[in-house]
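Some notes on the structure that comes next.
What follows is calculated from the coordinates using simple rules that are stated; it is not laboratory data. The structure displayed is predicted, hence computed values, not measured ones. Quick reminder, even Gly has a Cβ in these numbers, built from the backbone with ideal geometry, and neighbours come from all protein chains shown.
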Amino acid sequence: MESTHDKVPLSAADSQRLDDYYRTLEKESNRFVGYPANARFDYSELHRFLRFPLNNVGDPFVESTYRVNSREFEQEVLHFFARVYHAPEKRYWGYVTSGGTEGNLYGLYLARELLPDGIVYYSEETHYSVSKVLRVLALRNIMIKTQSSGEIDYEDLRETVKIHRDVAPIILANIGTTMKGAVDDVARIREILHDFAVPNFYIHCDAALSGMILPFVKDPQPYDFGAGIDSISVSGHKMIGSPIPCGIVLAMKKNVDRIARSIEYVGSLDTTISGSRNGLSPLFLWAAMRKLGPAGFREMVVGCLKMADYAIERLKAAGIEAWRNNNSVTVVFPRPPVEVIEKWQIAVFREIAHLITMPHVTRTHVDELLEDIVSAKS
Ligand SMILES: *Cc1c(COP(=O)(O)O)cnc(C)c1O
């Protein structure tokens, strides 16, 4: 057949258009310092897999009759992260998601199935994906104040949980808030629940960015399965870097089985949120994991933290009040003039802005950004 699109080339005009678009992307990705996405990776060894209709439809641990899949690689990625987050061996479950949002949806869905009448507690500076998820799941929820660092206000949490002692708490802990990279201390949260002798509770961690930082620093705040969480969502395209947004969600198998059973009842092991799932993302994550491993990830994270300190030092030297939270690569500073925001794709929230020193951010980027801030002001 002549009209299948593997046979028909793009027209000269369309090819030209793609060439122009390519150059725009090259330019824009070189001034990309405001968002937590690593723009530095090389997956050229994987380009040939674009030829296949890869699809990891359904459960990553249950072989599908759709055999053009990358389940084997997905499982290795999940095992790697399960070890990193101290999940109990063979007692966890998870999958490669389309990003941090899907992982939050999955974690809170699980929480709701286990504690249908529970109340979700989450801080003021929680990512917008969570309020959307709460609406989707129609979960009762209460917003808790934050401290100026962006970390949850434990006293407000304590008082609020106390008032609702008769209702099971579902805690959405931020492991790296979007604007300030603040980490909620899971051990302190558990202490509060313990003080009120709460029998049933659920802790989900939104670890979109810092889930790839904390495992690789010397003094991580308590945040993982070792600290008693029930599930965690991490983005794959943030610190690791991926041409396709993706993420990882991990949960305790005993909890997952309780909802999987009720789905088996309708005759399926449809355990994931989306049905068809792309099989390329697991390959990217697998390649990054195999190339870098824990030692490589550690080196990458240390480099990012150093670059964050360099940025703070330079900004402060120029009289700009810049700071970061412990174990965070998010450098917070006062909102700069609009031309700087646009040129450098800086994310802003009210009076503050941030620069995130992801692996592709160099001293040159920091220096040029600073020059622009200073000259825009004068
Ligand atoms: C980016 C981010 C998310 C959402 O992740 P996506 O991969 O964009 O869906 C959720 N929470 C936090 C804290 C984030 O930084």
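Taking the Cα-to-Cβ direction at E72 and at Y128 and moving 7 Å from each Cα, how far apart do the two end points lie in nm?
4.2
With +1 on each Lys and Arg Cβ and -1 on each Asp and Glu Cβ, how big is the dipole of the chain about its Cα centre, in debye rounded to the nearest 20?
Rounded to the nearest 20 debye, it is 360 debye.
Over the stretch 137-274, what portion of Cα pair distances is larger than 27 Å, expressed as a whole percent?
That tail contains 28 percent of the Cα-Cα pairs.
With no solvent and one point per C-alpha, what does the Debye sum give as log10 I(q)/I(0) for the stretch 220-378 at q = 0.10, 0.16, 0.19 Å⁻¹?
The Cα Debye sum returns log10 ratios of -0.54, -1.03, -1.23.
With unit charges on the beta carbon (Lys/Arg positive, Asp/Glu negative), name the residue among L54, L115, I213 whose Cα is farthest towards the positive pole of the charge dipole of the chain.
Of the options given, the answer is L54.
At 222 nm, what value in deg cm²/dmol follows for the chain if DSSP H runs of at least 4 each add -39500 (n - 2.57) and the sum is divided by all its residues, to the nearest 500?
Mean residue ellipticity at 222 nm (helix-derived): -13000 deg cm²/dmol.
When only DSSP loop residues count, what GluC sites (Glu not before Pro) in the stretch 306-356 have their Cβ near at most 14 other Cβ atoms within 10 Å?
E321, E351
For each pair in K27/K145; K27/K377; K27/K306, compute the distance between the two Cα atoms and list the pairs where it is over 28 Å.
Pairs exceeding 28 Å: K27/K145.
Determine the gain in length on full extension of the stretch F196-I341; use 0.36 nm per residue of separation and subtract their C-alpha separation, reporting nm with one decimal.
47.6 nm
Taking the inverse of the average 1/r across all pairs of different Cα atoms in the chain, what Kirkwood radius in Å do you get?
22.1
Pick out, from S375, Y310, I273, the residue whose Cα sits farthest towards the positive end of the charge dipole of the stretch 262-378, with +1 on the Cβ of Lys and Arg and -1 on the Cβ of Asp and Glu.
Final value for the positive-end residue is Y310.
From a point 7 Å beyond the Cα of Y35 in the direction of its Cβ, which residues of the stretch 219-253 have a backbone N at a distance under 16 Å?
Answer for this model: 235-247.
Suppose the chain between D6 and K90 were pulled fully straight at 0.36 nm per residue; how much longer would it get relative to their current alpha carbon spacing?
Between D6 and K90, full extension yields 25.9 nm more.
List the GluC sites (Glu not before Pro) in the stretch 29-108 that DSSP assigns to loop (not H, G, I, E or B) and whose Cβ has at most 10 other Cβ atoms within 10 Å. Which are they?
E89
Any idea how far apart S44 and V348 come out in nm if each label point goes 7 Å out from Cα toward Cβ?
The modelled label-to-label distance comes out at 4.0 nm.
Kirkwood hydrodynamic radius, computed over distinct alpha-carbon pairs, for the stretch 8-143: how many Å, to one decimal?
19.3
Among the lysines, which have Cα under 29 Å from the Cα of K90 when same-chain residues fewer than 8 positions away are ignored?
Counting by Cα, and skipping residues close in sequence, K90 has these lysines nearby: K218, K238, K253, K254, K291.
How many nm is it between the label spots at T65 and K316, if each spot is 7 Å from the Cα in line with the beta carbon?
Those two pseudo-labels are separated by 6.4 nm.
May I ask you to list the trypsin sites (Lys or Arg not before Pro) in the stretch 170-257 that are in a DSSP loop and have at most 14 other Cβ atoms within 10 Å of their Cβ?
Within the stretch 170-257, the qualifying trypsin sites (Lys or Arg not before Pro) (loop, at most 14 other Cβ atoms within 10 Å) are K218.
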